[in-house]
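The values are calculated or read from the model by the stated rules, or taken from the named source; none is laboratory data. Note that this is a predicted model, so its numbers are computed, not measured. Glycine also receives a Cβ, built like all others from the backbone with ideal geometry; neighbour counts cover every protein chain displayed.
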Amino acid sequence: MAKKEVAVVGVGLSKHVSKRRDVNIAEMVWEAVSACYEDAGLKPKDTDAFITGNMPAFEGVNLPEEWGAGHWGAYAKPLLRITTGGTTGGSVAHGGYYAVASGLYDIVMCIAFEKQSDGNSTMGLNTVALADAAAQFQLGVDPGFMAAFGGGAVGVAVYQASSYMKSSGCTTQHLDKVAALCRNNAALNPYSHLKQPGLTPEEVAKTTLLQYPIRFGHVCPATDGACAMLFTTGEKARKMMDKPAYVLSVSSCSDEAAMVGIAGSGTTNTDPCVQEGCKIAAARAYELAGIKEPRREIDLAEPYAPFAHQMLMFYERLLLCDEGDAPSILDSGSMGLDGELPVCPSGGVISTNAIGASAMERVAEAAMQIMGKCGERQVKKEVRKAVAHGWGGAVNFNVVAVLSDTPRR
Amino acid sequence: MEYKNETVSIDGGWPLSTWQWKMESIALIQKSLEALKKKKLLGLKCPGCGLVYFLPKPYCRCLSIPDEWVEIKDTGTITTFTFSGAWAYEGIEEEGATGTPLIIVGIVLDGSDTMTVCTLEDVEPEKVSVGMRIKLKWPEELLGRLDDIAHCVPA
Amino acid sequence: MDKEVAIIAYAQTPYEADVESSREMQVLQVTRAALAAAGLKREELDTVITANNDYLDGRTISNMRLVEPSGAWQKNESKVEMDGAYAALYALTRILSGDHDIAMVIGESQASVYGGYVPGIMMLDPTFDRQRWLLNEVSAAALQARAYMNACGVSEEQLAGVAVKNLDNAAKNPLALRAMAGADVRKVLSSRLLYSPIRELMASPLCDGACAVVLASGKAAARAEKPVWIKGVGFSHDSYLTERSLAEMGSLRDAARRCYGMAGIEDPASQLDLAEVHECFAHEELMAYEALGLCAAGGGGDLLDSGATRIDGSLPVNASGGVLAANVACAAGLARIIEAAMQIRGEAGEHQVPGVKTALAHGQTGLCAQENIVYVLGGE
């Protein structure tokens with residue numbers, strides 16, 4: 001069977017706010033799914049397969065699609081559940097890419113969501129390491145130290161930030177600038193959560209220090225929200241619309257050794273900001289996409305950055321510049337909506353984080369920018385190629401997708 | 001029939017106590033902990049790729065099983081750090097600043113290929129940096145527990 | 001599909017009630033064994049898909065710690081949170097896309113860790129069903145058994161007959177957890193009553209284990225000794241537990257239809273040499289006979305009684321003992337694929353059925369087999 005081109009023909013997003021108490025999971029997701037069908041001009045009966053995911057710990061429901069997917073049009077259809085933690089949305093999008101590229105399923109609905117307000121986010125997140133923490137208590141770790149190690153409200157990203165700032169020369173002022181840039185972009189995005197038009201870096205600098213070096217203003221919110229995307233073959237897409245966005249390639253890299261390994265055995269990822277996996281995934285994605293010089297050929301980037309430093313760190317790890325150069329590129333203004341290589345025009349994860357959906361929303365934004373559907377936040381330059389990224393796992397799982405306005409061949 | 005536009009919240013639970021995790025790594029780690037009583041740091045080396053795991057791990061990413069005990073030093077390098085507890089950071093007065101924060105560092109001990117974490121003492125927060133050399137601070141009484149290697153000082 | 005994706009190697013751990021080993025080490029074991037059987041080094045893997053579940057493993061992002069023991073370090077890895085038979089499907093699409101040639105597929109869980117039926121209860125609709133504490137995997141299955149028995153006139157003896165057949169077969173499978181050579185209906189019917197009509201020996205034993213399959217593209221499989229080709233695959237999602245007729249397996253019928261269409265199977269009863277069915281409960285196998293088109297609607301009991309599905313019958317079903325012999329959630333369906341492949345390759349040892357060229361493998365996920373996936377495999 002010949003490999004098929006993959007195109008995005010529809011994107012749908014629900015409202016993204018901190019607590020949706022007016023809908024349950026199935027209803028919230030349907031908002032995104034129905035918007036996606038409408039965007040594509042398709043119906044559930046047209047769909048050949050469904051791929052869905054969320055982070056199972058947050059809602060306290062095992063396989064929510066078992067009772068929810070009927071509401072999304074999946075009855076008597078092939079349905080696959082893919083979950084990889086914070087990168088779930090990206091992994092679901094990758095699943096959609098492969099489903100179409102395989103030639104077996106022509107029209108694939110990809111759904112990613114999170115309804116954190118239904119559950120207990122802290123408890124959900126803690127289960128990442130609960131087994132190992134329990135083991136370490138048995139072996140004599142002081143619980144107070146364990147709690148302090150955990151990074152408080154921020155989590156283990158503090159270590160990544162600390163190390164990145166040393167290796168790149170990124171300062172806290174850069175973090176403030178990133179937050180301000182993203183929240184201003186978010187103000188132009190009807191689907192974002194934290195919209196702060198006119199926010200200045202100085203205002204971000206005044207927010208509470210949560211855990212060195214990260215301030216409250218540098219951190220993402222907890223959002224309830226859903227994202228849906230329709231993938232189809234290039235051939236079908238061209239019959240449906242003038243300007244589909246093509247997914248040229250996807251790649252992921254699992255460099256998992258967590259932060260302290262199993263039961264405290266230590267991690268072989270000795271420097272958390274290196275993120276070798278992101279570089280490997282990006283290199284492979286560019287290679288498959290036929291991109292030889294990403295820093296020249298990529299027009300727009302949506303890195304996954306719930307914490308401000310990550311926008312700069314992943315810009316570098318996505319091979320868009322030399323290591324250590326992102327802070328000065330930010331200073332130059334190049335990352336703005338009217339810049340040479342806009343970053344996070346959506347406002348990014350730092351403005352909107354429905355965890356299971358977030359990595360898909362990076363792909364969705366890249367697609368919408370290519371299709372010219374971003375209204376007020378549409379970037380000034382023509383977007384021919386874009387890169388979308390997801391980060392998560394414990395700390396070392398990266399997913400990358402490259403999109404374009406023209407197919408691979 | 002009239003629908004009321006109103007939702008109800010329903011309480012539920014997730015009984016965590018039903019999991020009984022299994023970890024043979026603990027058996028390995030206990031051997032290293034025992035050696036701490038003699039101020040010896042024992043890591044486990046992988047025959048496939050040569051990586052030294054401290055604390056020991058029962059499997060390696062190269063799919064071989066680490067099986068050679070090697071001694072590693074009690075000196076090492078800081079690869080990352082953070083501070084816990086509000087204090088005057090970069091001269092900015094923080095609410096509830098208490099003075100000296102707890103300094104948590106990620107360290108790679110000499111001879112090991114893994115990063116572990118502990119607290120750093122006897123140094124001002126502003127002086128802490130990635131790349132600094134440290135030495136483990138052994139407690140007075142060695143109990144053969146993770147606590148024994150939970151502290152370090154600048155070397 | 002014609003010679004595009006093949007199974008070139010596999011491995012299963014023995015199935016145990018409470019193994020002296022973590023899931024990481026069990027995964028390491030099957031990964032090493034499958035790579036060795038394939039004659040491949042870890043470096044030659046292009047992608048790894050694992051099947052595991054946060055609620056079973058008691059950790060969220062449950063695949064994260066499996067990256068290293070599954071050979072996925074610094075590789076393109078993902079996780080399907082369903083039975084391993086679905087992870088195989090995802091790996092298959094990755095290979096057909098042309099981006100990957102060789103995939104490792106793994107399924108695992110340990111019942112001794114999650115301790116029973118709580119994860120199943122967490123699958124229930126959280127608004128109504130979960131609150132009432134009446135439904136769990138077994139009580140829901142009991143409701144389905146009763147609905148099926150009433151609709152098709154199937155008796156408890158016939159349900160027991162499935163258990164007798166499979167547990168007797170399991171005595172020839174060295175990996176099985178539960179086996180009873182010379183089992184009889186009386187023994188099954190006098191085993192502990194769980195929820196009427198389901199008795200202990202009619203319910204699969206949840207246990208510990210892991211299995212791995214190596215899939216290869218046509219190009220890569222050309223070098224393999226005995227590739228087992230995937231001729232067709234189909235899967236389908238049914239309505240939630242309380243929103244469908246439990247008297248039949250609608251999504252299995254749909255999955256089979258899709259699979260048969262791809263594999264060119266028009267008369268499964270005569271074209272299939274063997275089937276490995278994912279029967280968590282004895283009645284599910286009878287329902288599967290019908291949904292798979294091995295007999296007419298309502299004819300499941302009769303097919304069993306005819307002896308056709310015995311290991312020496314015209315269409316042996318579950319020569320391995322099936323899931324009634326060992327139920328590792330997230331792996332049981334993948335194990336059916338392995339058992340079917342073993343039969344085709346002539347590697348099933350004591351429970352080998354002679355002359356198997358075309359075999360069916362079935363996997364399920366969700367309460368009362370809400371999700372079903374069907375494969376047709378063929379030899380050279």
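Pick out, from the range C:95-189, the helices (runs of 4 or more DSSP H) lying fully within it that include 1 or more residues that are modelled with pLDDT of 95 or more, farther than 28 Å from C:Ala11 by Cα and over 22 Å from the mean Cα position of the chain (by Cα).
Output list reads C:137-152, C:156-170, C:185-189.
With respect to A:Glu276, determine if the residue is surrounded by fewer than 24 Cβ atoms within 10 Å (Cβ to Cβ) and more than 27 Å from A:Ile51 (Cα to Cα).
yes
Please tell me if A:Ala180 is under 24 Å from the mean Cα position of the chain (by Cα) and surrounded by fewer than 23 Cβ atoms within 10 Å (Cβ to Cβ).
For A:Ala180, the condition - under 24 Å from the mean Cα position of the chain (by Cα) and surrounded by fewer than 23 Cβ atoms within 10 Å (Cβ to Cβ) - is met.
Could you please find all residues in the range A:263-294 being at the interface with another protein chain (Cβ under 7 Å from one of its Cβ atoms), in contact with a Leu (Cβ under 9 Å, 6 or more places away or on another chain) and part of a loop (DSSP other than H, G, I, E, B)?
Within the range A:263-294, A:Ser265, A:Gly266, A:Thr268 meet the criteria.
For the range C:234-253, indicate whether the set of residues that are under 18 Å from C:Gly363 (Cβ atoms), of a type in the set (Asp, Glu), within 12 Å of chain A (Cβ to nearest Cβ) and touching a residue at least 24 places away in the same chain (Cβ under 8 Å) is non-empty.
So far as the range C:234-253 goes, yes, one or more of its residues are under 18 Å from C:Gly363 (Cβ atoms), of a type in the set (Asp, Glu), within 12 Å of chain A (Cβ to nearest Cβ) and touching a residue at least 24 places away in the same chain (Cβ under 8 Å).
Does A:Leu188 fit the bill of being more than 23 Å from A:Phe58 (Cα to Cα), hydrophobic (A, V, I, L, M, F, W, C) and crowded, with 20+ Cβ neighbours inside 10 Å?
Details: more than 23 Å from A:Phe58 (Cα to Cα): yes; hydrophobic (A, V, I, L, M, F, W, C): yes; crowded, with 20+ Cβ neighbours inside 10 Å: no.
The answer is no for A:Leu188.
Name the residue, out of A:Leu319, A:Leu312, that is crowded, with 24+ Cβ neighbours inside 10 Å and either under 25 Å from A:Gln378 (Cβ atoms) or within 18 Å of the chain's Cα centre (by Cα) (or both).
On the way: A:Leu319 fails: crowded, with 24+ Cβ neighbours inside 10 Å.
Of A:Leu319, A:Leu312, the one residue that is crowded, with 24+ Cβ neighbours inside 10 Å and either under 25 Å from A:Gln378 (Cβ atoms) or within 18 Å of the chain's Cα centre (by Cα) (or both) is A:Leu312.
Just to check your reading of the model, which residue among B:Leu55, B:Leu63 is part of a loop (DSSP other than H, G, I, E, B), at pLDDT 95 or above and surrounded by 13 or more Cβ atoms within 10 Å (Cβ to Cβ)?
Exactly one of B:Leu55, B:Leu63 is part of a loop (DSSP other than H, G, I, E, B), at pLDDT 95 or above and surrounded by 13 or more Cβ atoms within 10 Å (Cβ to Cβ), namely B:Leu63.
I'm told C:Val113 meets every condition in (1) among the hydrophobic types (A, V, I, L, M, F, W, C); (2) out of contact with any Leu (no Cβ under 6 Å at 6 or more places or on another chain); (3) surrounded by 24 or more Cβ atoms within 10 Å (Cβ to Cβ); (4) touching a residue at least 12 places away in the same chain (Cβ under 8 Å) except one. Can you identify the failing condition by its number?
Every condition holds for C:Val113 apart from (3).
Determine whether the range A:178-187 contains at least one residue that is within 22 Å of A:Phe216 (Cα to Cα), more than 11 Å from chain B (Cβ to nearest Cβ) and in a loop (DSSP other than H, G, I, E, B).
yes
Looking at the range A:233-262, I want the residues that are over 26 Å from A:Ser102 (Cβ atoms) and more than 14 Å from every other protein chain (Cβ to nearest Cβ) and have a partner that is of a type in the set (Asp, Glu) and assigned to a strand (DSSP E or B) with Cβ atoms under 6 Å, at least 6 apart or on another chain. Which pairs are those?
Close Cβ pairs (under 6 Å, with a partner that is of a type in the set (Asp, Glu) and assigned to a strand (DSSP E or B)) do not exist here.
For the range A:106-124, indicate whether the set of residues that are farther than 16 Å from A:Asn54 by Cβ, crowded, with 24+ Cβ neighbours inside 10 Å, within 8 Å of chain C (Cβ to nearest Cβ) and not polar (S, T, N, Q) is non-empty.
Looking through the range A:106-124, none of the residues is farther than 16 Å from A:Asn54 by Cβ, crowded, with 24+ Cβ neighbours inside 10 Å, within 8 Å of chain C (Cβ to nearest Cβ) and not polar (S, T, N, Q).
Of the residues that sit in the range C:36-85 and are among the small types (Gly, Ala, Ser) and surrounded by fewer than 24 Cβ atoms within 10 Å (Cβ to Cβ), which one is modelled with the lowest pLDDT?
Selected residue: C:Gly58.
Give me a count of the residues in the range B:48-63 that are of a type in the set (Phe, Trp, Tyr) and in contact (Cβ under 8 Å) with a residue 24 or more places away in the chain.
The number of residues fulfilling the criteria is 2.
Being in contact with a helix residue (DSSP H, G or I) (Cβ under 8 Å, 6 or more places away or on another chain), on the phi > 0 side of the Ramachandran plot and either at pLDDT below 95 or part of a strand (DSSP E or B) (or both) is the requirement here; does A:Gly140 meet it?
Yes.
Hey, any hits in the range C:370-380 for a residue that's touching a helix residue (DSSP H, G or I) at 6+ places or on another chain (Cβ under 9 Å), within 23 Å of C:Arg178 (Cα to Cα) and in contact (Cβ under 8 Å) with a residue 40 or more places away in the chain?
no
Quick one: which helices (runs of 4 or more DSSP H) lie wholly within the range C:220-322 and hold at least 1 residues that are surrounded by fewer than 17 Cβ atoms within 10 Å (Cβ to Cβ)? If you could, list the steps in order and put the result at the bottom.
Numbers: elements: C:250-263, C:268-271, C:282-291, C:300-306.
Answer list for the range C:220-322: C:250-263, C:268-271, C:300-306.
In this structure, does A:Lys43 turn out to be within 23 Å of the chain's Cα centre (by Cα), of a type in the set (D, E, K, R) and more than 15 Å from C:Thr127 (Cβ to Cβ)?
Numbers: within 23 Å of the chain's Cα centre (by Cα): no; of a type in the set (D, E, K, R): yes; more than 15 Å from C:Thr127 (Cβ to Cβ): yes.
It is false that A:Lys43 is within 23 Å of the chain's Cα centre (by Cα), of a type in the set (D, E, K, R) and more than 15 Å from C:Thr127 (Cβ to Cβ).
Report yes if some residue within the range B:132-148 is in a loop (DSSP other than H, G, I, E, B), within 21 Å of A:Tyr164 (Cα to Cα) and modelled with pLDDT of 95 or more; otherwise report no.
yes
Under 8 Å by Cβ, and 6 or more places apart or on different chains, what pairs join a residue from the range A:139-167 that is facing chain B (nearest Cβ under 7 Å) and farther than 26 Å from A:Cys278 by Cα with one that is assigned to a helix (DSSP H, G or I) and of a type in the set (Val, Ile, Thr)?
Hits for this filter: A:Leu139/B:Ile26; A:Leu139/B:Ile29.
Please go through (1) surrounded by fewer than 21 Cβ atoms within 10 Å (Cβ to Cβ); (2) modelled with pLDDT of 95 or more; (3) within 14 Å of chain C (Cβ to nearest Cβ) for B:Cys46 and return the number of the only condition it doesn't satisfy.
With respect to (1) surrounded by fewer than 21 Cβ atoms within 10 Å (Cβ to Cβ); (2) modelled with pLDDT of 95 or more; (3) within 14 Å of chain C (Cβ to nearest Cβ), B:Cys46 is out only on (1).
For the range C:345-366, give me each residue that is of a type outside the set (Asp, Glu) and surrounded by fewer than 24 Cβ atoms within 10 Å (Cβ to Cβ).
Listed by number, the residues that qualify are C:Arg345, C:Gly346, C:Ala348, C:Gly349, C:His351, C:Gln352, C:Val353, C:Pro354, C:Gly355, C:Val356, C:Lys357, C:Thr358.
Any idea which of (1) within 21 Å of the chain's Cα centre (by Cα); (2) closer than 19 Å to A:Thr232 by Cα is the one A:Lys77 doesn't satisfy?
(1)
Can you find a residue in the range A:213-231 that is more than 14 Å from chain B (Cβ to nearest Cβ), crowded, with 24+ Cβ neighbours inside 10 Å, over 28 Å from A:Leu181 (Cβ atoms) and not small (Gly, Ala, Ser)?
Yes, because at least one residue in the range A:213-231 is more than 14 Å from chain B (Cβ to nearest Cβ), crowded, with 24+ Cβ neighbours inside 10 Å, over 28 Å from A:Leu181 (Cβ atoms) and not small (Gly, Ala, Ser).
If the requirement is being among the hydrophobic types (A, V, I, L, M, F, W, C), under 23 Å from the mean Cα position of the chain (by Cα) and farther than 15 Å from A:Pro56 by Cα, which of these qualifies: C:Ala51, C:Ala85, C:Ala72?
Unique residue meeting the criteria: C:Ala85.
Going through C:Ala326, C:Ala319, C:Ala341, C:Ala332 one at a time, which residue ends up being in contact with an Asp or Glu (Cβ under 7 Å, 6 or more places away or on another chain) and either within 14 Å of chain A (Cβ to nearest Cβ) or touching a residue at least 40 places away in the same chain (Cβ under 8 Å) (or both)?
One residue alone meets the criteria, C:Ala332.
Within the range A:59-73, track down each residue that is more than 16 Å from C:Met123 (Cβ to Cβ) and crowded, with 22+ Cβ neighbours inside 10 Å.
If the condition is that a residue be more than 16 Å from C:Met123 (Cβ to Cβ) and crowded, with 22+ Cβ neighbours inside 10 Å, then A:Trp72 is the only one that fits.
Considering each residue of the range C:312-341, count those that are over 23 Å from C:Val138 (Cα atoms) and in contact with a Cys (Cβ under 7 Å, 6 or more places away or on another chain), and give that number.
Result for the range C:312-341: 1.
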